[in-house]
1. Starting from the chain, pick out the chymotrypsin sites (Phe, Trp or Tyr not before Pro) whose DSSP state is loop and whose Cβ has at most 11 other Cβ atoms within 10 Å.
2. Find out how many positive minus negative residues lie around Val48, taking Lys and Arg as positive, Asp and Glu as negative, among other residues whose Cβ is under 15 Å from that of Val48.
3. Compute the longest continuous run of the chain that contains no exposed trypsin sites (Lys or Arg not before Pro); treat a site as exposed when its DSSP state is not H, G, I, E or B and it has at most 13 other Cβ atoms within 10 Å.
4. With a cut-off of 8 Å between alpha carbons and a minimum separation of six or more residues, what is the relative contact order of the chain in percent?
5. Let me understand the range 12-54 better: what is its radius of gyration from the alpha carbons, and its Dmax, in angstrom?
6. Full extension from Lys37 to Arg11: what is 0.36 nm times the residue separation minus their Cα-Cα distance, to one decimal in nm?
Amino acid sequence: MKEDTLQHLARSGLIIFAKDGKIDTVKAPEFGEVVIKYKNAQPYDVAVTEHKKL
């Protein structure tokens, strides 16, 4: 993937990570959290929690 493409993805609110040589993305919530769990230096679980701002 080209560097300018990765920068565009990051600017659009995506979190970029690699697993087994493949690049994957997760959309960052407007309010909330993203937890990426790793095992043996490889991500194995992604949890996105969205919250409402009061």
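1. Those satisfying the criteria are Phe31.
2. On the way: positive: Lys27, Lys37, Lys52; negative: Asp24, Glu30, Glu33, Asp45, Glu50.
Local charge sum for Val48: -2.
3. Answer from the scan: 3-51.
4. That works out to 25 percent.
5. Radius of gyration, then largest Cα-Cα span, for the range 12-54: 11.8, 40 Å.
6. Answer, rounded to one decimal: 7.1 nm.
Every number here is computed from the coordinates shown, using simple stated rules; none is lab data. Small disclaimer: the values here were computed from a predicted structure and weren't measured. Neighbour counts run over all protein chains shown; Cβ positions are idealised from the backbone, glycine included.
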